[in-house]
Amino acid sequence: MPFNRLEAAEDPKDHPEGGPVPFDGLTPDVILSALEAHGFEPDGRLLALNSYENRVFQVGLDSGEFIVTKFYRPERWSDEAIQEELEFLEELANDELPVVKALPNPAGEKLHHFGGFRFASFPRRGGYAPELNDPDDVERMGRLMARVHLIGAQKPYVHRPKIDIESFGIEPRNAILTLGLMGNETLKNYEAISSEALIAIQQAYDQAGPIEALRLHGDAYPGNVLWSTDGPLLVDFDDSRMGPAVQDLWMLLNGNRREQQLDLDLLLEGYETFRHFNGRELHLVEALRTLRLIHYAAWISRRWNDPAFPKAFPWFGTTGYWEERCRELEEQINAMQSHRHHGQDSLPS
């Protein structure tokens, strides 16, 4: 398969060395004015929360309560795609799943526009990122993800993309190669290894066969789970897309291969309490992990003109960084080949 082809370069706004600064002008005054213009009553208390893709703030209200307001990255999603995220949250919340749905303004609107920015607000919820060391907690997460998928499978996204080889592998890999981010030798190495990785990913998909795509959380790692005495709460559906159910399971796995296999067994035991899991999707675990590695490197490169990224990833773009990415892909190629040759419905050993 011609995975070594190069497509046209990305739009100049995505180039790490130029283009507009996406959140330039989003000052505290603008944030508070935006909330006031849409019927909220902020009291001036404002705290920036940790977020790279969007800008997220804890905001105090005159009532004494706090809300969390998310300003969406300009030009990333269409209004329709953001509405689909908010509607999915509404569906999940209406079925009493532990998620946080957006707050409407007095006009009933949940997606708001102000000064060129788009934002939504949510009730503040507390909790901590779980370590998922307790087998009961792991099984509980499996049950939760099955319930999310029962709702997610009821209808498709229309305006949000899929997690697939093209959008998470070929396109971001080609973007990396065309942006001039590494020296010639490293570039040749990454080009060859990433091409081999994409072939192995395609083979994993071929081995799995036809797989149902449904609405997912999309980024269900423990950092997007808040745990409290009430149990897990799923947050941050910003990366919600169509894709295979296993995408929302493999990212919850921790530790070495043996520990991950034990966690996977527990997740699936909980999952199948509510929803059947297609075992053929296990052929995709290492392929999806590899796609995420490629997509993640391209994501950083496209966001480099955002001042938050050089501060958060100072090592990005160095020769050592790209050499490490090459080593990761080599390890993933070996993992995918091991799985394919053994024909096992589990993680490679």
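The values are calculated or read from the model by the stated rules, or taken from the named source; none is laboratory data. Model, not experiment: these values are computed from the prediction. Reconstructed Cβ throughout: ideal geometry from the backbone, glycine too, with neighbour counts over all protein chains shown.
Table for the structure above
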read-out: Filtered residues of region 111-141 (kept if aromatic (F, W, Y) and out of contact with any strand residue (DSSP E or B) (no Cβ under 8 Å at 6 or more places or on another chain)); value: F114
read-out: Filter result (without any contact (Cβ under 8 Å) to a residue 60 or more places away in the chain and closer than 18 Å to R143 by Cβ) within region 93-105; value: A93, D95, E96
read-out: In region 77-89, the residues that are touching a residue at least 12 places away in the same chain (Cβ under 8 Å) and either exposed (fewer than 14 other Cβ atoms within 10 Å of the Cβ) or part of a helix (DSSP H, G or I) (or both); value: S78, D79, E80, A81, I82, Q83, E84, E85, L86, F88, L89
read-out: Tabulated pairs, region 234-263, first of a type in the set (D, E), second at pLDDT 95 or above and buried (at least 23 other Cβ atoms within 10 Å of the Cβ), C-beta under 6 angstrom, 6+ apart or interchain; value: D248/M145; D248/L216; D248/H217; D248/A220
read-out: Filtered residues of region 94-117 (kept if assigned to a strand (DSSP E or B) and more than 18 Å from E41 (Cα to Cα)); value: V99, F117
read-out: Qualifying residue in region 211-230 (condition: polar (S, T, N, Q) and either in contact (Cβ under 8 Å) with a residue 60 or more places away in the chain or not in a helix (DSSP H, G or I) (or both)); value: yes
read-out: Selected residue (criterion: farthest from the chain's Cα centre (by Cα)) from residues of region 252-295 that are hydrophobic (A, V, I, L, M, F, W, C), in a loop (DSSP other than H, G, I, E, B) and farther than 17 Å from L214 by Cα; value: L253
read-out: Among (1) surrounded by fewer than 16 Cβ atoms within 10 Å (Cβ to Cβ); (2) at pLDDT 95 or above; (3) within 30 Å of T319 (Cβ to Cβ) - the single one L150 does not satisfy; value: (3)
read-out: Count of residues meeting criterion [among the aliphatic types (A, V, I, L, M), under 23 Å from E96 (Cβ atoms) and out of contact with any helix residue (DSSP H, G or I) (no Cβ under 8 Å at 6 or more places or on another chain)] in region 198-235; value: 2
read-out: Residue satisfying all of: in region 176-206; without any contact (Cβ under 8 Å) to a residue 12 or more places away in the chain and among the charged types (D, E, K, R); nearest to E166 (Cα to Cα) among these; value: D206
read-out: Single match in A308, A335, A287, A297 (criterion: assigned by TED's automatic domain parsing to the domain that holds A197, surrounded by fewer than 20 Cβ atoms within 10 Å (Cβ to Cβ) and aliphatic (A, V, I, L, M)); value: A308
read-out: Extreme residue, modelled with the lowest pLDDT, among residues of region 306-325 that are under 24 Å from I170 (Cβ atoms) and in a loop (DSSP other than H, G, I, E, B); value: G317
read-out: Number of positions in region 132-147 that are surrounded by fewer than 13 Cβ atoms within 10 Å (Cβ to Cβ) and either within 19 Å of the chain's Cα centre (by Cα) or assigned to a helix (DSSP H, G or I) (or both); value: 1
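Conditions (1) crowded, with 18+ Cβ neighbours inside 10 Å; (2) of a type in the set (D, E, K, R), marked per residue:
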position	(1), (2)
N224	yes, no
W227	yes, no
G231	no, no
R241	yes, yes
